[in-house]
Amino acid sequence: MSAAITEEQKRYMRRAVVLALKGKGAVNPNPLVGAVIVKNGHIIGEGYHEKYGELHAERNALASLTEDAAGADLYVTLEPCCHHGKQPPCTDAIIEAGIKRVFVGSDDPNALVAGKGYQQLRKAGVEVIPHVLKEECDSINNVFFHYIVNQTPYVVMKYAMTLDGKIATITGESQWITGEAARAHVMEQRNQLTGIMVGIGTVSADDPMLTCRMSGGRNPVRIICDSHLRIPLTCNLVRTARQIPTIVATISKDMERMQALLHEGVEILRTDAYDGHVDLQDLMKKLGERKIDGILLEGGSRLNYSAVTQGIVQEIDVYIAPKIFGGESVFTPVAGIGILHPDEAYRFRYTGMEVYGEDILLRYRAL
């Protein structure tokens, strides 16, 4: 199908992708969607899904029309919805506007849509051209696609290391391994993903805030894996729990300790046990039920190892700084007992590289 698409049509779809990305951090757990309406070779309307619960991209584009849309083409990054949710079906609005052709990037895996949007449009006489720049459109919604199919968060394991694979000096100091540009990109990730997760070891060592320090950014829900409720009541995360949603995942039954944390505004989430610790698979199910669709895992080496071995990681983002720390330290990105043979390795596939100042980001996806 894509072979018949002209360069001009690709340009309109790429414009829709650019628009869709403007919704980062505001639409979760909905997808990022952009739409462009073209008539006689000119854009006469465009829009994107701006905020969860508000108008979808297609209706925003129709609301921005500079002339009648009858006979026009619509370029939209995701299959138009055809069901009533917080908003009415976009297929109805498209048909009522007299749109002649709809060019679509990604299929919607949501069971309420999943091809039904195409069917409704075609039944009404609208020509549908699917899979236009599909890979580009798919790439902006990895989080949504995983969440809508599995009902668990898309987990991005992030860490920064030196050229010799260290995440800290021999004294344990880790601020800062990467430069300002890479750290700014991490803030963008914190804004885009609904949750951020660390282990109790990170809390004890760094006393972090885990906030989004970018202009206009959104703080993620803070999730701490603390199997035995060792988190200090005086730490930054507990002290600010009434201002920023904070969840402590545990297997502890210490009611007195739980009450003390609840009093400070912390949500306690008890999970099944896995080898004496929080069962991360069970935790993901419970977080998915709370509409947490994506998580930035900034855990220490032990939590990272548990996340990989329990199979909850969908993506790994590795920032590499042009530095050498040296030393025979134990400060490695992923710890645990490790494997015995190379062929037992947990495998991921390379998906891309980006440059931030002097640092590079390597991105991998689960097989």
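The values are calculated or read from the model by the stated rules, or taken from the named source; none is laboratory data. In this text the structure is predicted, and so the values were computed from the model without any measurement. Counting neighbours? That spans all protein chains shown, and the Cβs are built from the backbone with ideal geometry, glycine included. SASA here: full protein model, heavy atoms, side chains in, ligands and nucleic acids out. Shrake-Rupley method; radii C 1.70, N 1.55, O 1.52, S 1.80 Å.
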What is the residue count in the stretch 74-100 for residues that are touching a residue at least 60 places away in the same chain (Cβ under 8 Å) and out of contact with any Leu (no Cβ under 9 Å at 6 or more places or on another chain)? 2
Residue list for the stretch 50-78, restricted to those being open to solvent by less than 10 Å² (accessible area, probe 1.4 Å) and of a type in the set (Phe, Trp, Tyr): 75
Would you please list the contacts, defined by Cβ atoms under 7 Å and residues six or more apart or on different chains, that run from a residue in the stretch 101-127 that is over 17 Å from residue 88 (Cα atoms) and without any contact (Cβ under 8 Å) to a residue 60 or more places away in the chain to a residue that is among the β-branched types (Val, Ile, Thr) and loosely packed, with under 13 Cβ neighbours inside 10 Å? 109/149
Hey, residue 99 under 22 Å from the mean Cα position of the chain (by Cα), at pLDDT 95 or above and of a type in the set (A, V, I, L, M) or not: no
Would you check which residues across the stretch 183-204 are of a type outside the set (A, V, I, L, M, F, W, C) and free of Cβ contacts under 8 Å to residues at least 60 places away in the same chain and list them? 183, 204
I'd like the residue in the stretch 249-287 that is under 21 Å from residue 236 (Cα atoms) and within 25 Å of the chain's Cα centre (by Cα) and, out of all such residues, is surrounded by the fewest Cβ atoms within 10 Å (Cβ to Cβ). 267
When you check residue 227 against the structure, is it exposed (fewer than 15 other Cβ atoms within 10 Å of the Cβ), free of Cβ contacts under 8 Å to residues at least 60 places away in the same chain and either touching a Phe, Trp or Tyr at 6+ places or on another chain (Cβ under 8 Å) or outside any helix (DSSP H, G or I) (or both), yes or no? no
What's the total number of residues in the stretch 288-315 that are of a type in the set (A, V, I, L, M) and either surrounded by fewer than 17 Cβ atoms within 10 Å (Cβ to Cβ) or part of a strand (DSSP E or B) (or both)? 3
Need the failing condition index for residue 21 against (1) among the hydrophobic types (A, V, I, L, M, F, W, C); (2) under 30 Å from residue 215 (Cβ atoms); (3) part of a loop (DSSP other than H, G, I, E, B), just the number. (3)
What strands (runs of 3 or more DSSP E) lie completely within the stretch 51-145 and have 1 or more residues being closer than 14 Å to residue 37 by Cβ? 73-78, 101-106
Does residue 218 meet the test of being free of Cβ contacts under 8 Å to residues at least 40 places away in the same chain, among the charged types (D, E, K, R) and either crowded, with 19+ Cβ neighbours inside 10 Å or assigned to a loop (DSSP other than H, G, I, E, B) (or both)? no
So residue 188 fits all but one of (1) touching a Pro at 6+ places or on another chain (Cβ under 8 Å); (2) in a helix (DSSP H, G or I); (3) under 30 Å from residue 78 (Cα atoms); what number is the exception? (1)
Boolean, residue 366 is more than 25 Å from residue 205 (Cα to Cα), open to solvent by 20 Å² or more (accessible area, probe 1.4 Å) and in contact (Cβ under 8 Å) with a residue 24 or more places away in the chain: yes
Of everything in the stretch 240-287 that's in a helix (DSSP H, G or I) and acidic (Asp, Glu), which residue is modelled with the lowest pLDDT? 256
Which listed residue is small (Gly, Ala, Ser) and on the phi > 0 side of the Ramachandran plot, from 172, 199, 195: 172
Quick check on the stretch 316-350: of everything there that is touching a Lys or Arg at 6+ places or on another chain (Cβ under 6 Å) and in contact (Cβ under 8 Å) with a residue 24 or more places away in the chain, which residue is least open to solvent (accessible area, probe 1.4 Å)? 317
Just name the residue that is farthest from residue 365 (Cα to Cα) out of those in the stretch 130-181 that are surrounded by 15 or more Cβ atoms within 10 Å (Cβ to Cβ) and charged (D, E, K, R). 166
For the stretch 161-180, does any single residue satisfy the condition of being under 13 Å from the mean Cα position of the chain (by Cα) and of a type outside the set (Ser, Thr, Tyr)? no
Single residue of 317, 343 found to be modelled with pLDDT under 90 and among the acidic types (Asp, Glu): 343
